[in-house]
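Please read the structure below before turning to the comments.
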Amino acid sequence: MTVPDSYPGRESHPGRDSFPGRDCRDSYPGRNAEIYDLGTHWRQLVQNWVARRNYHTVHDTVSVTLQFDLHEAGRVVTLRFMTTKRLLVAFATDGNFLRQDQLAIAAAASNAWNTEQLNPMLSVWDVRGPRPCLAGVCDLPLTCRITQADFDALANDWVERARQMFSRCHQVFKL
């Protein structure tokens with residue numbers, strides 16, 4: 001049975017239930033939350049999120065960088081938010097540079113993590129450089145629109161996954 005767009009008790013608005021142009025605040029909890037264009041407000045979203053946490057931060061013209069302790073491994077993880085032409089990128093590293101004899105095991109650790117998580121995030125970064133390292137990378141298209149609460153939840157998830165990822169690399173793979 002097909003239900004018409006207009007019936008008693010329902011306001012009729014052309015395109016009301018289609019996604020283009022629909023304002024998410026109409027039908028979801030917390031619907032009065034302001035929705036930000038990520039491309040324009042990424043720095044504000046990151047700074048608001050960081051302000052509610054106990055992270056040491058450094059701001060420059062192209063990035064916001066924060067650090068947090070990875071107690072399990074006795075290291076500090078650095079998470080740097082920056083943009084490319086189309087993406088907000090969160091780049092994480094634990095500051096541990098890999099020796100040439102560790103590259104194969106680091107690649108295996110990255111492959112294992114990415115396969116288990118079903119979300120590629122970990123890689124051996126800058127293999128040709130003088131000091132390769134393990135790096136986690138998360139991103140969002142700059143065309144996204146997001147509330148502060150949703151950004152906070154996502155950033156918290158990225159930090160938690162970075163904690164788990166680097167702890168596992170240290171504990172299981174001795175990297």
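Just a few scattered comments:
- Pair Ile105, Gln67: separation of 7 Å Cα→Cβ label points (nm): 2.6
- Modelled label positions at Thr115 and Gln47, each set 7 Å beyond Cα in the direction of Cβ, lie 4.4 nm from each other.
- Neighbourhood charge, 12 Å Cβ-Cβ cut-off, centred on Arg75 and excluding it, Lys, Arg +1 and Asp, Glu -1: -2
- Compared with the direct C-alpha span, the chain from Val172 to Ala33 gains 45.8 nm at full extension, assuming 0.36 nm per residue.
- Residue-by-residue Karplus 3J(HN,Hα) for segment 144-156, coefficients 6.51, -1.76, 1.60, Hz, glycine and proline x: 5, 10, 8, 7, 4, 4, 5, 5, 4, 4, 5, 4, 4
- Scanning residues 5 or more positions from Leu142 or on other chains, those with amide H under 5 Å from its amide H are Leu87, Leu88, with H placed 1.01 Å from N in the peptide plane.
Bear in mind these aren't lab numbers, they're just calculated from the coordinates by the rules spelled out. Note that the structure is a prediction, hence the values are computed from the model and not measured. Here Cβ is always computed from backbone atoms with ideal geometry, including for glycine, and neighbour counts include all displayed protein chains.
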